[in-house]
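Scroll down for the structure; my scribbles are underneath it.
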Amino acid sequence: MVEVKLMQQILASNDALAREQLRQLNRHGVVGINIMSGPGAGKTTLVEKTVAALKDKWRIWVIEGDIQGDIDARRVIAQGVSCTQINTQGACHLDGLMLSAVFPSIDLKKIDLLIIENVGNLVCPAEFKLPVHYNITVVSTPEGSDKPIKYPLMFTKSDVIIVNKIDLLPYVDFDMMQFSRAVRKLKPRIPIYAVSLRSGEGVSKWLSWLEDKLEKFCRKKSGTRS
Ligand SMILES: Nc1nc2c(ncn2[C@@H]2O[C@H](COP(=O)(O)OP(=O)(O)OP(=O)(O)O)[C@@H](O)[C@H]2O)c(=O)[nH]1
Ligand SMILES: [Mg+2]
């Protein structure tokens, strides 16, 4: 009983921190997205491809969450955008407290899009609110199509689902119909984009979705200024 109460308090104070950070993003008209998945589904590859496609038009900052190391941050910086690495030192998710340590170093006036790559884990990241407008979950075909049934919270909390590595479909038992049905049972109208980040197939649909959000925020931003 005591443990449950403590967990509820931790989640409540995390939510309050994330809400305050989100207010800062809103004040500057910055779109925030949080990319979640199990280890290796393709989060960093998605960040790389997204940055490469959009960086000439939109100003992007990336936060990389990893238990240890800066491999992913180096990959992102190689794409020519700013990136802050957070090492959670064992924690299986990012949270508001970790983000508040790096937020002051991000010049929100100079960016349009904040991309957060969460720690590779299909469970905990969904429980901790971050200062973002949209949660994106990536599932890769070798993981199997039963993931929405086994890890429902991640899918319920998401606004977009990306099924990555469709180039591997001939070699793995991934049933796209079963997957989509299970996702839609949890969230009937959620967009599901089937992509190969390796070949580029399907990626334009994801980019159009994101650009649509950026355009909307941009219109709001210029409306506020005028
Ligand atoms: N075949 C295939 N491999 C891919 C695809 N996208 C990513 N990969 C490979 O999958 C591996 C993991 O990709 P990452 O982008 O590092 O995955 P991640 O989710 O960021 O991994 P963690 O940060 O460790 O959780 C890498 O070797 C990628 O090259 C794809 O569409 N097809
Ligand atoms: Mg990664």
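FYI, it's all coordinate maths here, none of it is from the lab. All values derive from a computational prediction rather than experimental measurement. Please note: Cβ atoms are built from the backbone with ideal geometry, for glycine as well, and neighbour counts cover all protein chains shown.
Please give the calculated 222 nm ellipticity per residue for the chain, where each DSSP H segment of at least 4 residues contributes -39500 (n - 2.57) and the sum is spread over every residue; nearest 500 deg cm²/dmol?
On the way: 8 runs with 95 residues, N = 226.
Theoretical 222 nm ellipticity from helices: -13000 deg cm²/dmol.
If you take the beta carbon distance between Met176 and Arg19 as r and set R0 to 35 Å, what does 1/(1 + (r/R0)^6) give as a FRET efficiency, to the nearest 0.05? With a Förster radius of 35 Å, E is 0.45.
Relative to the Cα centre, what is the charge dipole magnitude of the stretch 32-79, using +1 at the beta carbon of each Lys and Arg, -1 at the beta carbon of each Asp and Glu, and rounding to the nearest 20 debye?
Details: 7 positive and 6 negative charges, 47 e Å.
The dipole magnitude comes to about 220 debye.
If I take R0 = 35 Å and measure r between the Cβ atoms of Lys109 and Ser204 in this structure, what FRET efficiency does the formula 1/(1 + (r/R0)^6) give, to the nearest 0.05? Approximately 0.70, to the nearest 0.05.
What pairs from Lys157/Lys185; Lys57/Lys185; Lys109/Lys220; Lys49/Lys216 go past 25 Å between their alpha carbons?
In this structure, Lys57/Lys185 lie more than 25 Å apart at Cα.
Going by the alpha-carbon gyration tensor, a ≥ b ≥ c the square roots of its eigenvalues, is the stretch 77-224 rounded (a/c under 1.5) or, if a/c is not under 1.5, prolate (a/b greater than b/c) versus oblate?
prolate
Each of Ser222 and Leu153 was given a label point 7 Å from its Cα along the Cα-to-Cβ line. The distance between the two points is 4.2 nm. Distance between the pseudo-spin-label points of Asp212 and Leu97 (7 Å out from Cα toward the beta carbon): 3.9 nm.
Please state the shape class of the stretch 1-144: rounded when a/c is under 1.5, otherwise prolate if a/b exceeds b/c and oblate if not, all from the C-alpha gyration tensor. Kindly include the intermediate steps, with their values, before the conclusion.
Working: a/c = 1.86, a/b = 1.22, b/c = 1.52.
Oblate, because a/c is 1.5 or more while a/b does not exceed b/c.
The simple Förster model, with R0 at 30 Å and r as the Cβ-Cβ distance, assigns Asn26 and Ile71 a FRET efficiency of 0.40.
Below 8 Å, C-alpha to C-alpha, sequence gap of six or more: please give me the relative contact order for the stretch 24-171 in percent.
The normalised contact order for the stretch 24-171 reaches 33 percent.
As a proxy for reagent exposure, Met98, Met177, Met36, Met154 were ordered by neighbouring Cβ count within 10 angstrom, fewest first; the result is Met177, Met98, Met154, Met36. Give the cross-link partners of Lys213 among the aspartates and glutamates, using a straight C-alpha distance below 20 Å as the criterion and excluding same-chain residues fewer than 8 apart. Excluding near neighbours in sequence, the set is Glu48, Asp56, Asp112, Glu117, Asp159.
With an a/c value of 1.5 or above and a/b not larger than b/c for the gyration tensor axes a ≥ b ≥ c computed over the alpha-carbon atoms, the stretch 140-226 is described as oblate. By other beta-carbon atoms within 10 Å, ranking Lys216, Lys129 with the fewest at the front produces Lys216, Lys129.
With K and R counted +1 and D and E -1, the other residues having a Cβ less than 12 Å from that of Val132 yield a net charge of +2.
Build a GNM of the chain with springs between Cα atoms under 10 Å apart, and of Lys165, Lys205, Lys150 the one that fluctuates most is Lys150.
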